[in-house]
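The values are calculated or read from the model by the stated rules, or taken from the named source; none is laboratory data. Because the structure is predicted, anything quoted here is derived from the model rather than measured. In this analysis, Cβ positions are derived from the backbone assuming ideal geometry, glycine residues included, and neighbour counts consider all displayed protein chains. Just the protein is used for accessible areas: all its heavy atoms, side chains included, with ligands, DNA and RNA removed. Shrake-Rupley method; radii C 1.70, N 1.55, O 1.52, S 1.80 Å.
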Amino acid sequence: MLQSLPLVLVPGLICTARLYGPQIAALWPFGQVAVADHRRDADMAAIAARILKNAPPRFALAGLSMGGYIAFAMLRQAPERVARLALLDTSARPDTPEQTAGRHTQIAMAQSGRYGEIPGLSIPRYLNAKHQRDERLTTIVRQMIAETGPEAFVRQLQAIMSRPDSRPLLASIRCPTLVVVGDADVATPPELNKEIADGIPGAKLMVIRDSGHLTSIEQPEAVNAALAAWLGA
């Protein structure tokens, strides 16, 4: 095993440390594991700066969905500090007009007392159809949404909507990179993740079978094995 390397995990939109519950114990032997707090700022660069301020001097970085957007922002600010990079179920592209319109709708819902409706919108989009009646998984999603709260949810949406196009950044990434995506991810489909892997020199793409957007909890054993190999390579 290589020298111990701290690992920073960045959750996705309306996700908390529960998103990485299966990974924390499995990856601890490789080094200290920390889950970043991405709830406090409404700008991607500010979120990245806050995480970097609290992160070790050099570390492995993994982000899922919004966590991937944040990882790109961290690489813009301090690429020399990221020793390894894992991007799960994410996209390097900016929002489309349709996506932005949908986020504005969700902001209005959260600000008008309808935050309780967000799980009903999120579960069909985030979980594989096979898992949408899985009580364990749907409970995790509902718990994370409740823990995030409407105010932080709005800030996260504002940050996502204003994020830049990260495709021009890809060719400059030089650290060992793993890209993971669920084969049934409808939020950030496999082709968007393949685009990332194709753009980063030497990046490895892994498609996880029978998984939607939340691969880390839908297929934890496969994700754990992929991340362990990435950390130990």
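Sort 9-16, 198-205 by the packing proxy (mean of other Cβ within 10 Å over each peptide's residues), most packed first.
Working: 9-16: 25.6, 198-205: 15.9.
In descending order of packing, they fall as 9-16, 198-205.
With a sphere of radius 11 Å drawn around the Cβ of Pro189, what net charge do the other residues whose Cβ falls strictly inside it have (Lys, Arg +1; Asp, Glu -1)?
-4
Full extension from Ala228 to Asp198: what is 0.36 nm times the residue separation minus their Cα-Cα distance, to one decimal in nm? Provide the component values of the computation, followed by the final result.
Working: separation 30, 0.36 × 30 = 10.80 nm, distance 2.18 nm.
Working it through step by step, the gained length comes to 8.6 nm.
Taking the Cβ of Ile217 as the centre, find all other residues whose Cβ is under 14 Å away and add up their charges (Lys, Arg: +1; Asp, Glu: -1).
Neighbourhood net charge equals -3.
Calculate what fraction, in whole %, of the accessible area of the chain sits on carbon and sulfur atoms when a 1.4 Å probe is rolled over the protein chains.
Within the chain, the accessible surface is 54 percent carbon and sulfur.
Run the helix sum for the chain: -39,500 (n - 2.57) per DSSP H stretch of 4+ residues, divided by residue count, reported at 222 nm to the nearest 500 deg cm²/dmol. Spell out each step's value before the answer.
Working: 9 runs with 108 residues, N = 233.
Mean residue ellipticity, 222 nm, calculated: -14500 deg cm²/dmol.
Evaluate the charge dipole of the chain about its Cα centre and quote only its size in Debye, nearest 20, assuming +1 on the Cβ of each Lys and Arg and -1 on the Cβ of each Asp and Glu.
On the way: 24 positive and 21 negative charges, 100 e Å.
Roughly 480 debye, rounded to the nearest 20.
Using 1/(1 + (r/R0)^6) with R0 = 35 angstrom and r between the beta carbons of Glu151 and Leu5, what's the FRET efficiency to the nearest 0.05? Don't skip to the end; give the middle numbers.
Details: r = 34 Å, r/R0 = 0.98.
E(calc), rounded to 0.05, equals 0.55.
Below 15 angstrom from the Cβ of Arg155, what's the summed charge of the other residues (Lys, Arg +1; Asp, Glu -1)?
On the way: positive: Arg39, Arg40, Arg50, Arg103, Arg163; negative: Asp37, Asp41, Asp43, Glu147, Glu151.
With Lys, Arg at +1 and Asp, Glu at -1, the net is 0.
How do 214-224, 181-191 rank on mean C-beta neighbours within 10 Å, highest first? Numbers along the way, then the final one.
Working: 214-224: 22.5, 181-191: 19.8.
Result, highest mean Cβ count within 10 Å first: 214-224, 181-191.
For the chain, take the convex hull of the Cα atoms, compute a quarter of its surface area, and give me that in nm², please. It would help to have the intermediate numbers written out before the result.
Working: hull surface 44.3 nm².
Approximately 11.1 nm², given one-decimal rounding.
So, in Å, what gap is there between the alpha-carbon centers of segment 1-75 and segment 182-233?
16 Å
If you place +1 on the Cβ of every Lys and Arg and -1 on the Cβ of every Asp and Glu, how big does the dipole about the Cα centre of segment 96-195 come out, in debye to the nearest 20?
Working: 12 positive and 11 negative charges, 22 e Å.
In debye, rounded to 20, segment 96-195 gives about 100.
If each of Lys130 and Arg209 carries a label point 7 Å out from its Cα toward its Cβ, how far apart are those two points in nm?
0.8 nm
Where does each of 105-116, 76-87 land if you order them by average Cβ count within 10 Å, highest first?
Working: 105-116: 14.6, 76-87: 18.5.
The packing order, highest mean first, is 76-87, 105-116.
Over segment 12-95, what portion of Cα pair distances is larger than 22 Å, expressed as a whole percent?
Values: 653 of 3486 pairs.
Roughly 19 percent, once rounded to a whole number.
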